[in-house]
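Notes to accompany the following structure.
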Amino acid sequence: MTSPTAKSRETAGTLRGGPRRRRVRTGVPLPLLLPALIGLAFLIVPLIALLVRTPWHSLPEQLTSPDVWQALRLSLLCATAATAASLVIGVPLAWLLARVDFPGRGLVRALVTLPLVLPPVVGGVALLMALGRNGIVGQWLDSWFGITLPFTTAGVVIAEAFVAMPFLVISVEGTLRAADPRYEEAAATLGASRFTAFRRVTLPLIAPGIAAGAVLAWARALGEFGATITFAGNFPGRTQTMPLAVYLALQSDPEAAIALSLVLLAVSVAVLAGLRDRWMRAG
């Protein structure tokens, strides 16, 4: 027999939206937990091994050598230039894919994102076939303007931009698709041209997406190896970036290779930390 007090509590619970439900504790199934831990260890153990094997006693000497600073300076310069070039041509390309409905847009998007899955060495060979001295475009650049791109610092920038720009395009296109187009339509009704609406309305809306895409592109350009060594070679002071210096040092001085790898690891962690902070603010 239910007491009046219990009935009143039940009635009050019903008025508040129904009786309270018991919290069910759900554990992690072992068939899922074990592979997850193995996957985590697979990703983390190599990084820990790099830190453990780092020659901390000689690290300052390794990092202050002229060869390291030369490779680091060239890497930062080329990655920044490649990112700037990607911004100039990648943002309009992302806008075209997101805002303009034209025949073959899906094919164009697939071609734009192809360097993401293309082996970097294949990308370097493709650049040689296009921009080399005997390439379909490079031969005209050489004969008309005397411009030779392979095995130069400009070639490093082109190779890095080729593999890094898709990251920027994907990020900006996703931001454009998420942005409300009614702001652009309202600007158009007030007499603004489409370019003015893009410059005054769209760009401020998608600025976080552009920044995130630029950081991703810069980090990808900084770590580029295959396309760079194929299209630009490995000449110290001219085309030898940090990844190429790591590969070369690994054959003769493993401690120097580890020190250089630690620098790239630190840059990667800083990039991820910056993006995480931006995503948290956006959320």
Can you give the Kirkwood hydrodynamic radius for segment 55-281, in Å, rounded to one decimal and based on Cα pairs?
19.2 Å
Using a probe radius of 1.4 Å on heavy atoms only, what accessible surface per residue do you get for the chain? Whole Å² is fine.
63 Å²
Apply the Karplus curve 6.51 cos²θ - 1.76 cosθ + 1.60, θ = phi - 60°, to the phi angles in segment 152-163 and return the couplings in whole Hz, x for Gly and Pro.
10, 5, 4, x, 4, 4, 5, 4, 5, 5, 4, 8
Modelled label reach - Val125, point 7 Å along Cα→Cβ, segment 159-188 residues with backbone N closer than 19 Å
159-160, 162-163
Specify the angular offset, from 0 to 90 degrees and rounded to the nearest 10, of the alpha carbon long axis of helix 30-52 from the longest principal axis of the alpha carbons in the chain.
40 degrees
Would you calculate the separation in nanometres between label points at Ala266 and Leu76, each defined as 7 Å from the Cα along the Cα-to-beta-carbon direction?
1.1 nm
Specify the residue with the greatest mean-square fluctuation among Leu30, Leu50, Leu262, computed from a Gaussian network of the chain linking alpha-carbon atoms under 10 Å apart.
Leu30
Top mean-square fluctuation among Gly124, Gly237, Gly106, Gaussian network model of the chain, C-alpha springs under 10 Å?
Gly106
Net charge dipole size for segment 125-216 [Lys, Arg +1 and Asp, Glu -1 on Cβ; Debye, nearest 20]:
140 debye
Ranking Ser252, Ser171, Ser268 from most to least accessible area with a 1.4 Å probe gives Ser252, Ser268, Ser171
So for the pair Glu185, Phe145, with labels modelled 7 Å out along Cα→Cβ, what separation do we get in nm?
4.2 nm
Karplus-derived HN-Hα couplings along segment 234-248 (A = 6.51, B = -1.76, C = 1.60, θ = phi - 60°), whole Hz, x at Gly and Pro
9, 10, x, x, 10, 9, 7, 8, 4, x, 5, 5, 4, 4, 5
Quick one: dipole size for the chain, taken about the Cα centre, charges +1 on Lys/Arg Cβ and -1 on Asp/Glu Cβ, in debye to the nearest 20.
1820 debye
R0 = 30 Å: FRET efficiency of Leu111 with Ala273, Cβ-based, nearest 0.05?
0.35
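Considering only protein heavy atoms and a probe of 1.4 Å, how much of the accessible area of the chain is carbon and sulfur, as a whole percent?
In the chain, the share of accessible area belonging to carbon and sulfur is 68 percent.
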Please report the relative contact order for the chain, taking Cα pairs under 8 Å with a sequence separation of at least 6, and give it as a percent rounded to a whole number.
26 percent
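The values are calculated or read from the model by the stated rules, or taken from the named source; none is laboratory data. As the structure is a computational prediction, the values presented were derived from the model and not from experiment. No Cβ is skipped: glycine too gets one built from the backbone with ideal geometry, and neighbour counts run over all protein chains shown. For the accessible areas, the whole protein counts, side chains as well, though only heavy atoms, and no ligand, DNA or RNA atoms are used. Shrake-Rupley method; radii C 1.70, N 1.55, O 1.52, S 1.80 Å.
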